[in-house]
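J.: This is the structure I have questions about; it appears just below.
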Amino acid sequence: MKLPRSYYNPISLLGSILASVSALVIFFFMISMTFFNKEGASGSYVGIFIYIVLPVFLLIGLILIPIGMSRRAKRIKREGEGSEVARVVLDLSNQRHWNAVGLFIVVTILFLLLTGIGSYKAFHYTESNEFCGTLCHKVMEPEYTAYQGSPHSRVTCVACHVGEGAEWYVKSKLSGLYQVYSVTFKKYPTPIETPIHNLRPARETCEECHWPEKFYSYNLLNEQNFLADSANTEWDLMLKLKIGSESSAKGLVEGVHWHINPNVKVEYIASDTKREYLPWVRYVNRETNDTVIYQDIYETLDQEAMDTLELREMDCLDCHNRPSHQFQPPQKFIDEMIASGEIPVELPEVKSLAMQVFNYNTFTDRDSGAMLIRQSVTDFYESNYPEIVSENPQWIDQATEGFLSGYNKNFFPEMKANWDAYPNHIGHMEFNGCFRCHNGNHTSEDGSVISRDCNLCHTILAQGNVEDYQTTNINDPLNFKHPVDIDEAWKEMACTDCHRNLY
């Protein structure tokens, strides 16, 4: 096929080669991924290569072709090699012109087709969980690992972090550019700081699936806990959680989700960036406009602090602040593993040992942490229970693998990410959570106090160990009995005073 003389120049030829090779590679990979690739086996970098990197080279190659032709045409005109290139003349009776037009049409159609497919694929790929979770592997590994085991693991990342509409899509991509810069030049903090301040308002995303007025009224929660004694004594607890009102017909007039009742506005000022301490709280009844301000008697904010700190209206994320990225504390994931049989309950002091290993060691990197865990388990049982080492070594191996499994899911030393780095505001065991307001210290000018009564949110229906298991009917709650005898101290102290560093 003969083409215009202006085409035959190094720049246009280079552009043709670049565009052709890029197009062929894109086409080859797309066919391979469509027909031969197993689900989830492509990897995030392959997608980046196909839908973002290679199309750039294809476009550059196509741009180089007319640039080279223009330069060549000017040179031909300047050197007098022919006058026909002095102006653009399209003569369809000329076979070379037909060839050029035909090639242009074919290339344009192919380019538009590949551009359309590529743009569609690139859009959906950059919105995928794979892209969000694995592209920046080191940085996002903690969050992506926690997400995969969360209740929202089948909800896409962008459904919560972006939501619908062009406005927040554009904002997310602009934010993403800064994130790319931070990762490229290692400007990101370790651990990643929370809360994230540029997230879309929770009620514009959470309530796409969760309708506040239609929450379940009550829920039963069964917990299997194990004490840090030699026998790993099981201590069970059954709670009736008052998620909403006793009857769904009453709406949100009581229960945990009263805080987001449409007729109520709860505002607060936090004195720390993690929002663990809320010394100032304001309640507003939207129907009557009654307003009550509560202040912590031990941490009163002056006017200057109130003018500089953020005033925030309570929404879903003020309690559910780790809905998809929760790192469990050791006492939680070890209890679950013992209950499921992943860690043998028959192994003496295994709960106590786990608390020593995870609460009193600082892990600097993944591999050294794993070595420390293995060595700690081996040394402990060789020193204290040599008979188990000889008679039931499989228990020790099983416990070690259980420890490592919990460690790999909840500790990320390179990013300094773990349960202690990210407060979870649901509950009140390891973090202040409910006690941020319901600690009995928030009082108003008229003397009213934000209640510390645990029965506002849940009641105890059963508790205890096998030998002394207390039960009651659903409408007659039990008084809480602490598994370890601490007298009445639990009524005055916050749970976090001990459970933040439980041993």
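The values are calculated or read from the model by the stated rules, or taken from the named source; none is laboratory data. This structure is a prediction, so every number in the text was calculated from the model and none was measured. Positions of Cβ are generated from backbone atoms using ideal geometry, with glycine treated the same way; all protein chains shown enter the neighbour counts.
J.: Can you spot a residue in segment 418-436 that is touching a strand residue (DSSP E or B) at 6+ places or on another chain (Cβ under 8 Å) and without any contact (Cβ under 8 Å) to a residue 24 or more places away in the chain?
T.: No, segment 418-436 contains no residue that is touching a strand residue (DSSP E or B) at 6+ places or on another chain (Cβ under 8 Å) and without any contact (Cβ under 8 Å) to a residue 24 or more places away in the chain.
J.: Turning to a different aspect of this structure: If you go through segment 7-20 one residue at a time, do you hit one that is at pLDDT below 65, in a loop (DSSP other than H, G, I, E, B), more than 20 Å from residue 126 (Cα to Cα) and assigned by TED's automatic domain parsing to the domain that holds residue 101?
T.: Let us first name the residues in segment 7-20 that are at pLDDT below 65, namely none.
No, segment 7-20 has no match at all.
J.: Hey, another quick one. Could you list, in sequence order, all residues of segment 417-434 that are crowded, with 20+ Cβ neighbours inside 10 Å and of a type in the set (Asp, Glu)?
T.: Scanning segment 417-434 gives a single hit, 430.
J.: Would you confirm whether or not segment 372-394 contains a residue that is closer than 30 Å to residue 194 by Cα and part of a helix (DSSP H, G or I)? Break it down stepwise before answering.
T.: Filtering segment 372-394 down to residues closer than 30 Å to residue 194 by Cα leaves 372-373.
Checking the rest, the ones that are also part of a helix (DSSP H, G or I) come to 372-373.
Yes, segment 372-394 has at least one match.
J.: Only one residue in 342, 287 is touching a residue at least 12 places away in the same chain (Cβ under 8 Å), of a type in the set (D, E, K, R) and either in the same structural domain as residue 385 (by TED's automatic domain parsing) or under 26 Å from residue 496 (Cα atoms) (or both), so which one is that? Steps first, please.
T.: Numbers: 287 fails: either in the same structural domain as residue 385 (by TED's automatic domain parsing) or under 26 Å from residue 496 (Cα atoms) (or both).
Result: 342 is the single residue among 342, 287 that is touching a residue at least 12 places away in the same chain (Cβ under 8 Å), of a type in the set (D, E, K, R) and either in the same structural domain as residue 385 (by TED's automatic domain parsing) or under 26 Å from residue 496 (Cα atoms) (or both).
J.: Right, here's the next one. Of all residues in segment 153-175, how many are surrounded by 13 or more Cβ atoms within 10 Å (Cβ to Cβ) and over 12 Å from residue 129 (Cα atoms)?
T.: Going residue by residue through segment 153-175, those that are surrounded by 13 or more Cβ atoms within 10 Å (Cβ to Cβ) are 155-164, 168-169, 171-172, 175.
Next cut, over 12 Å from residue 129 (Cα atoms) only: 162-164, 168-169, 171-172, 175.
Counting residues in segment 153-175 that are surrounded by 13 or more Cβ atoms within 10 Å (Cβ to Cβ) and over 12 Å from residue 129 (Cα atoms) gives 8.
J.: Looking only at residues in segment 176-212 that are hydroxyl-bearing (Ser, Thr, Tyr) and surrounded by 15 or more Cβ atoms within 10 Å (Cβ to Cβ), which one is nearest to residue 318 (Cα to Cα)? If you could, list the steps in order and put the result at the bottom.
T.: Looking only at segment 176-212, we keep the residues that are hydroxyl-bearing (Ser, Thr, Tyr), and these are 178, 181-182, 184, 188, 190, 194, 205.
Filter once more, so that each one left must be surrounded by 15 or more Cβ atoms within 10 Å (Cβ to Cβ): 182, 188, 190, 194, 205.
Numbers: 182: 27, 188: 24, 190: 23, 194: 12, 205: 14 Å.
Among those residues, the one meeting the criterion is 194.
J.: Which ones in segment 456-503 are over 19 Å from residue 434 (Cα atoms), free of Cβ contacts under 8 Å to residues at least 24 places away in the same chain and among the hydrophobic types (A, V, I, L, M, F, W, C)?
T.: Of everything in segment 456-503, those that are over 19 Å from residue 434 (Cα atoms), free of Cβ contacts under 8 Å to residues at least 24 places away in the same chain and among the hydrophobic types (A, V, I, L, M, F, W, C) turn out to be 478, 486.
J.: Residue under question is residue 360, and the condition is that it be surrounded by fewer than 19 Cβ atoms within 10 Å (Cβ to Cβ), under 28 Å from the mean Cα position of the chain (by Cα) and aromatic (Phe, Trp, Tyr); does it hold?
T.: Values: surrounded by fewer than 19 Cβ atoms within 10 Å (Cβ to Cβ): yes; under 28 Å from the mean Cα position of the chain (by Cα): yes; aromatic (Phe, Trp, Tyr): yes.
Against the criterion (surrounded by fewer than 19 Cβ atoms within 10 Å (Cβ to Cβ), under 28 Å from the mean Cα position of the chain (by Cα) and aromatic (Phe, Trp, Tyr)), residue 360 qualifies.
J.: Restricted to segment 260-296, and to residues that are in a loop (DSSP other than H, G, I, E, B) and touching a Ser or Thr at 6+ places or on another chain (Cβ under 6 Å), which residue is surrounded by the fewest Cβ atoms within 10 Å (Cβ to Cβ)?
T.: Residues of segment 260-296 that are in a loop (DSSP other than H, G, I, E, B), as a first pass: 261-263, 270-279, 286-290.
Okay, now just the ones that are also touching a Ser or Thr at 6+ places or on another chain (Cβ under 6 Å), so 277, 279.
Numbers: 277: 13, 279: 24.
Result: 277.
J.: Taking residue 327 as the residue in question, decide whether it is farther than 16 Å from residue 226 by Cα and touching a Gly at 6+ places or on another chain (Cβ under 6 Å). Break it down stepwise before answering.
T.: Numbers: farther than 16 Å from residue 226 by Cα: yes; touching a Gly at 6+ places or on another chain (Cβ under 6 Å): no.
Against the criterion (farther than 16 Å from residue 226 by Cα and touching a Gly at 6+ places or on another chain (Cβ under 6 Å)), residue 327 does not qualify.
J.: How many residues does segment 218-242 contain that are surrounded by fewer than 17 Cβ atoms within 10 Å (Cβ to Cβ) and assigned to a loop (DSSP other than H, G, I, E, B)?
T.: The number of residues fulfilling the criteria is 5.
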